[in-house]
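Reviewing the structure listed below.
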């Protein structure tokens with residue numbers, strides 16, 4: 001990639017997610033530095049909000065099926081692990097599926113299910129594989 005010619009005919013399409021953290025909390029050197037030339041009149045920034053169903057495409061039952069087939073564990077162990085790891089309250093893995101804005105304002109209760117993403121499947125699979133290695 002170092003030999004690519006510099007040209008204004010190329011476009012970069014990507015998703016950049018930002019999170020502000022204290023510089024004191026960064027313990028390793030970062031592997032990516034990005035900047036946008038503010039003075040470039042040709043630069044275009046497109047922002048698009050991704051829907052929750054696109055971010056979290058899996059129902060609890062779909063998550064259960066994927067983890068059970070990958071880690072060979074029971075449904076009850078999966079639910080226990082989700083609770084133990086605090087996944088329902090962690091936006092990296094899941095989001096409560098509220099029916100209305102009023103429900104969302106009240107906050108999560110047992111009446112609302114969660115939707116999950118593939119990161120939740122990977123985290124649970126690794127969790128169970130790690131426990132299996134520790135047990136043997």
When the Kirkwood hydrodynamic radius is evaluated over all pairs of different C-alpha atoms of the stretch 70-136, what value in angstrom, to one decimal, is obtained?
-> 13.1 Å
In nm, spacing of pseudo-spin labels at residue 65 and residue 112 (7 Å Cα→C-beta vector) | 2.6 nm
Per the Cα gyration tensor, the stretch 40-108 corresponds to an equivalent ellipsoid with semi-axes, largest first in Å, of 31, 19, 11
Taking the Cα-to-Cβ direction at residue 103 and at residue 48 and moving 7 Å from each Cα, how far apart do the two end points lie in nm?
-> 2.7 nm
With a 10 Å Cβ neighbour count serving as the proxy for reagent exposure, in which order, fewest first, do 127, 116, 93 appear?
-> 127, 93, 116
The stretch 50-134 - percent relative contact order, Cα under 8 Å, separation 6 or more | 41 percent
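No value in this document is a laboratory result; all are computed from the given coordinates. Computed from a predicted structure; not experimentally measured. FYI the Cβ positions are ideal-geometry reconstructions off the backbone, even for glycines, and counts take in every protein chain you see.
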